[in-house]
1. What about residue 24, is it over 25 Å from residue 129 (Cα atoms), surrounded by fewer than 15 Cβ atoms within 10 Å (Cβ to Cβ) and either touching a strand residue (DSSP E or B) at 6+ places or on another chain (Cβ under 6 Å) or modelled with pLDDT of 90 or more (or both)?
2. Which one of the conditions (1) assigned to a loop (DSSP other than H, G, I, E, B); (2) loosely packed, with under 14 Cβ neighbours inside 10 Å does residue 35 fail to meet, given that it meets all the rest?
3. Any idea which of (1) within 18 Å of the chain's Cα centre (by Cα); (2) without any contact (Cβ under 8 Å) to a residue 40 or more places away in the chain; (3) assigned to a loop (DSSP other than H, G, I, E, B); (4) surrounded by 15 or more Cβ atoms within 10 Å (Cβ to Cβ) is the one residue 84 doesn't satisfy?
4. Is it fair to say residue 128 is buried (at least 19 other Cβ atoms within 10 Å of the Cβ), under 14 Å from residue 39 (Cα atoms) and touching a strand residue (DSSP E or B) at 6+ places or on another chain (Cβ under 8 Å)?
5. When you scan region 64-80, how many residues do you find that are touching a helix residue (DSSP H, G or I) at 6+ places or on another chain (Cβ under 8 Å) and in a loop (DSSP other than H, G, I, E, B)?
């Protein structure tokens, strides 16, 4: 009697499933870390763009503004899901911090004699905690 030997055995299929599981277990955590890096880059980019917009605002009004002032002057708009808080917007400086819900990091920057955020001790330099 002839047997039809086409197809895969159960053992072969189980080995393939195990290999795919191992590869997924390695790849998924790396993907999560990549997403967090992207969110952090978005925060950093927004803060750098905010500093540029503040300098434009200063050139127009001879003082630094808050985030609301800069947005209403149509000089800057924050990225989706980024929450930027600006304080100490006056004639001599400003400070700002930003967060994103996709990461637990807070980034900050300050210019002039504004109170620096704890994570950004150097003027004009965006730093994250």
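1. Working: over 25 Å from residue 129 (Cα atoms): yes; surrounded by fewer than 15 Cβ atoms within 10 Å (Cβ to Cβ): yes; either touching a strand residue (DSSP E or B) at 6+ places or on another chain (Cβ under 6 Å) or modelled with pLDDT of 90 or more (or both): yes.
When the stated conditions are applied, residue 24 passes them.
2. Only one criterion in (1) assigned to a loop (DSSP other than H, G, I, E, B); (2) loosely packed, with under 14 Cβ neighbours inside 10 Å is unmet by residue 35, namely (1).
3. Tallying (1) within 18 Å of the chain's Cα centre (by Cα); (2) without any contact (Cβ under 8 Å) to a residue 40 or more places away in the chain; (3) assigned to a loop (DSSP other than H, G, I, E, B); (4) surrounded by 15 or more Cβ atoms within 10 Å (Cβ to Cβ), residue 84 fails exactly one: (3).
4. On the way: buried (at least 19 other Cβ atoms within 10 Å of the Cβ): no; under 14 Å from residue 39 (Cα atoms): yes; touching a strand residue (DSSP E or B) at 6+ places or on another chain (Cβ under 8 Å): yes.
So residue 128 does not fit the description; no.
5. Narrowing region 64-80 to residues touching a helix residue (DSSP H, G or I) at 6+ places or on another chain (Cβ under 8 Å): 64-65, 67, 69-70, 73, 75-79.
Add one more test, that the residue is in a loop (DSSP other than H, G, I, E, B), and what stays is 64-65, 73, 75-79.
Of the residues in that region, 8 qualify.
Residue-by-condition table, conditions (1) within 18 Å of the chain's Cα centre (by Cα); (2) surrounded by 14 or more Cβ atoms within 10 Å (Cβ to Cβ):
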| site | (1), (2) |
| --- | --- |
| 58 | no, yes |
| 71 | no, yes |
| 102 | yes, yes |
| 109 | yes, yes |
| 112 | no, yes |
| 119 | yes, yes |
| 122 | no, no |
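The values are calculated or read from the model by the stated rules, or taken from the named source; none is laboratory data. Source: prediction; values computed, not measured. Ideal geometry is used to build each Cβ from the backbone, glycine not excepted, and the neighbour counts take in all protein chains shown.
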